[in-house]
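Each remark here refers to the structure printed beneath this line.
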Amino acid sequence: MSITLKTVVFLGSARNVIPPWGGDARLGDRVVNWVKSALSLRSSQLGEDKITHDVYIIDPIEVFSKDDGALSYSGGELSAPTFFMGDKLPEKAKALQDIVRNADCYLIISPEYNHSIPPALSSVMGHFGGSLYKCKPSGIVTYSPSPFAGMRAAMAIQVSVYMICTK
């Protein structure tokens, strides 16, 4: 038998511009591709059951897109969290809320911005009430061109995730 975990991956970066010194517009795309590959190749067992992952990526550039983003009604500034909207919540936002609610686990992939959590990550996760994350396992993958590789962001994200996943 096989167990498929619904794994939601939150991207922490909304940056999509090449820095003046060159390089990738979104370094995180390489990290996301590696994580998706690692999850697809993962072979784990729980007793007789093989564990696989059904991965859904929540990218702030897409969900806050003014054209058709699921959270475009609220925007990155978190002016209207999903749990405040009641019956007025747009269908795309309801669908995204259901994906978060029905997830078995979460993975956060994030850069380090100013030694802390990127605003896009805080906003996209803050749109959903803490009860949607409660008692579900989570993991953190950080990256940074600095020698610390996102460690300071990981420490800040860990505190934030602890607060929303356990309360």
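Within region 126-146, how many residues are in a helix (DSSP H, G or I), open to solvent by 20 Å² or more (accessible area, probe 1.4 Å) and either under 29 Å from residue 19 (Cα atoms) or touching a helix residue (DSSP H, G or I) at 6+ places or on another chain (Cβ under 8 Å) (or both)? Write out each step before concluding.
Initially, region 126-146 is screened for residues in a helix (DSSP H, G or I), giving 126, 130-132.
Adding the requirement that they be open to solvent by 20 Å² or more (accessible area, probe 1.4 Å) leaves 126, 130-131.
Adding the requirement that they be either under 29 Å from residue 19 (Cα atoms) or touching a helix residue (DSSP H, G or I) at 6+ places or on another chain (Cβ under 8 Å) (or both) leaves 126, 130.
Adding up the residues that qualify gives 2.
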When region 96-117 is examined, which residues are found to be open to solvent by 20 Å² or more (accessible area, probe 1.4 Å) and in contact with a helix residue (DSSP H, G or I) (Cβ under 8 Å, 6 or more places away or on another chain)?
97, 101, 107, 112, 113, 115, 116, 117
Is it the case that residue 157 is within 30 Å of residue 90 (Cα to Cα), in contact with a strand residue (DSSP E or B) (Cβ under 6 Å, 6 or more places away or on another chain) and either open to solvent by less than 50 Å² (accessible area, probe 1.4 Å) or small (Gly, Ala, Ser) (or both)?
yes
Taking first residues from region 46-58 that are closer than 30 Å to residue 76 by Cα and second residues anywhere that are open to solvent by 40 Å² or more (accessible area, probe 1.4 Å) and assigned to a strand (DSSP E or B), the pairs with Cβ under 6 Å that are 6 or more apart or on different chains are 53/5; 54/4; 54/6
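Being closer than 22 Å to residue 23 by Cβ, of a type in the set (A, V, I, L, M) and crowded, with 16+ Cβ neighbours inside 10 Å: is that true of residue 149 here?
Numbers: closer than 22 Å to residue 23 by Cβ: yes; of a type in the set (A, V, I, L, M): yes; crowded, with 16+ Cβ neighbours inside 10 Å: no.
Judged against the criteria, residue 149 is not a match.
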Within 18 Å of the chain's Cα centre (by Cα), buried (at least 21 other Cβ atoms within 10 Å of the Cβ), modelled with pLDDT of 90 or more and small (Gly, Ala, Ser): which single residue out of 38, 93 fits that description?
93
How many of the residues making up region 84-125 are aliphatic (A, V, I, L, M) and over 26 Å from residue 53 (Cβ atoms)?
2
Give me the pairs: first residue in region 76-98 and assigned to a helix (DSSP H, G or I), second residue open to solvent by 70 Å² or more (accessible area, probe 1.4 Å), beta-carbon distance under 8 Å, and six or more apart or on different chains, which are they?
92/68
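Just for region 59-75: of the residues that are out of contact with any strand residue (DSSP E or B) (no Cβ under 7 Å at 6 or more places or on another chain), part of a loop (DSSP other than H, G, I, E, B) and touching a residue at least 40 places away in the same chain (Cβ under 8 Å), which one is surrounded by the fewest Cβ atoms within 10 Å (Cβ to Cβ)? Before the answer, list the steps.
Step one: of region 59-75, the residues out of contact with any strand residue (DSSP E or B) (no Cβ under 7 Å at 6 or more places or on another chain) are 61-75.
After this cut, where a residue has to be part of a loop (DSSP other than H, G, I, E, B) as well, the list is 64-75.
Still in the running and touching a residue at least 40 places away in the same chain (Cβ under 8 Å): 64, 71, 74.
Working: 64: 20, 71: 26, 74: 22.
Looking at the filtered set, the residue picked out is 64.
The values are calculated or read from the model by the stated rules, or taken from the named source; none is laboratory data. None of these values were measured; they are calculated from a predicted model. With ideal geometry, Cβ positions are generated from the backbone for all residues, glycine too; neighbour counts draw on all protein chains shown. Ligands, DNA and RNA are excluded from the accessible area calculation, which covers all protein heavy atoms including side chains. Shrake-Rupley method; radii C 1.70, N 1.55, O 1.52, S 1.80 Å.
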